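Have a look at the structure below, then the notes.
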Amino acid sequence: MSGAIASSSSAFLLLVGSSSPRRRRASRVGAALRSCGHGGAELRLHYCARRDGAAVVRAASAAAPAGAEGEDGAAPIASSTSKGVAVQGSKAKAAETKDSASSPKPAPSAQSHSAAKQNGVLGSSSAPESAAPVSESKAEPPAPVSKAETGASSQVAEPKPALDDEEVAGVAEPVEVKAEAAPVTDAASSVDDSEGKESGPLAGPNVMNIIVVASECSPFCKTGGLGDVVGALPKALARRGHRVMVVIPRYGEYADAQDLGVRRRYKVAGQDSEVTYFHSYIDGVDFVFLEAPPFRHRHNDIYGGQRMDVLKRMILFCKAAVEAYYRDNGLMQYARSVLVIHNIAHQGRGPVDDFINYDLPEHYIDHFKLYDPVGGEHSNVFAAGLKMADRVVTVSHGYLWELKTSEGGWGLHDIINHNDWKLHGIVNGIDINEWNPAVDAHLHSDDYTNYTAETLDTGKRQCKAALQRQLGLEVRDDVPVIGFIGRLDGQKGVDIIADAMPWIAGQDVQVVMLGTGRPDLEEMLRRVEAEHRDKVRAWVGFSVQMAHRITAGADVLLMPSRFEPCGLNQLYAMAYGTVPVVHAVGGLRDTVAPFDPFGDTGLGWTFDRAEAGRMIDALGHCLNTYRNYKESWRGLQVRGMAQDLSWDHAAELYEDVLVKAKYQW
């Protein structure tokens, strides 16, 4: 299946295989590409031992789901907003394991009201599994040992013949590497003994090859939260010792991206396109960029163009990232796929005739066909991805629950409920190297300053004054600054702020809004600023620097989203001591615990309906606390900043899902 879902702002895909870190030192990016049907490139994968002893090797994730219906059960995952993960089994067959996807596990640490705590309570953390060393023998791998049985659906496929070593990891290796590594098990253990007391990877025996395939990735190209996640999660997985590769289109000239010398031609809708492969190694991760004419000069308009142009562009990307129906051609038979949903509203819908363009065997067409009262019978790429992925991850527990409802499932709720056993909710983390007030590079100039929880009072006051000066607002420490940062569309609810503006402007506040999107909403922002020039500033467009500065300088962040799968801005705000006021949906409900003035707990304010009146009520209580209860306000700030919002905890939970997929039959 061609993996089309990985090519949209709604999703990305991961492919995973078992890996022996010591044996993989001589692996090459070219070999990895060849295993997916690409030409060879003589570029070495990087291997290094971290200072803390964890082996760091890069791996890759790709959009090639492994079907539940046997060897040929693979279907494309195309244009939509989700992500996927695939895991490659290490040997011929895995021991039958009992599915435990629905069994909650205890939180790994007590983090009050944090995203990490939400993950820990409802997600599952990785645990050691029995080692499955790669060797010349075809021994069956033992099932992993974890806190709860990792696992599978109740359907267990017939045992399949063992793979060659190249197929085992989903990454082909040069013949000479195999010869050198013949006594793998004994050699690895003896090396461990002789090298002394170096601890192994954080992932333990669960080290895997992971390929992440997505249409955007920060800092190279980004339209929203998906780009942030694809830029940060792979690095967190690499820190745990996995080999990770990220595959994205090359929309522009990216620094340090080296031409691999690999050229391949692919046909989409009868038209040939040549794809060139570029590579860069950053923070333990191999980034592979696919350059082709349809991708050029689209850096600021990734998803722009006519529907068929977008579809063909994304089909080309998916075919170049992972060969279409590779499983039908006998490749990577035991690779596993995990689809990660960011926004199920973007589904890759179109007429049934779209299937012809996917270049898939005819028997896959039923996976794409979907009937609903709105669209009638149509082709739905996301529906195929949900059916065929081995595991599905949503970016919060609240969003997972919403997807099962007719209102939140956007026509796919029946499929989601039917596949409930393989769904997981994992709250996103944030990149603490980029979003951290203590080191934020965007606070180094123009009178802004870095700060910590210890210097919160002086640091945030200075950033607030700098923001007011930069935007031409009156510099006043006593007036609360309310911020909004987001895409200007119906989902983000900026129109709700406009509806509430007469009340807001009647308060002694200042409002700063940053965003780009629908032309009518951009014009609305300009109009609101013109009507309330003394209190409101509207920055139409997007500026990474200004987003950081608003987060640091504002006192309150408004997020009236009508739906929000996870949301990152509220996490950034809390890390900077900015108090969120949010609509209690999806990940916003999961991550922003309502303030309790009696117990002095909570992280912000929530409102239960996306309406101006409800938002005004919550914002009114927030402003009252800001003005009259300074101690409670500082408590909100400090609790938000004290949370562990990093990707390291989320990566451990992703790892556990990958292990479940890996041993699933």
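Each reported figure results from applying straightforward, stated rules to the coordinates on display, with no laboratory input. Remember, predicted model here, so these are calculated numbers, not experimental data. For neighbour counting, all protein chains shown are included, and Cβ atoms are generated from backbone atoms with ideal geometry for every residue, glycine included.
Tabulated data for the structure shown
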| item | result |
| --- | --- |
| Counting all C-alpha pairs of region 546-665, share separated by more than 19 Å (%) | 50 percent |
| Residue (of P519, S561, M546) at the positive-pole extreme of region 441-642, dipole from beta-carbon charges | M546 |
| Hull shadow area, averaged, region 441-642 [alpha-carbon convex hull, nm²] | 10.0 nm² |
| Region 441-642: relative contact order in percent, alpha carbon pairs under 8 Å with at least 6 residues between | 19 percent |
| Test item: Cα-centred dipole of region 441-642, Lys/Arg +1 and Asp/Glu -1 on Cβ, debye | 220 debye |
| Cross-link pairs K369/K492; K460/K630; K422/K662 - those with Cα-Cα distance over 22 Å | K369/K492 |
| Of all DSSP beta bridges in region 441-642, antiparallel share, percent nearest 5 | 5 percent |
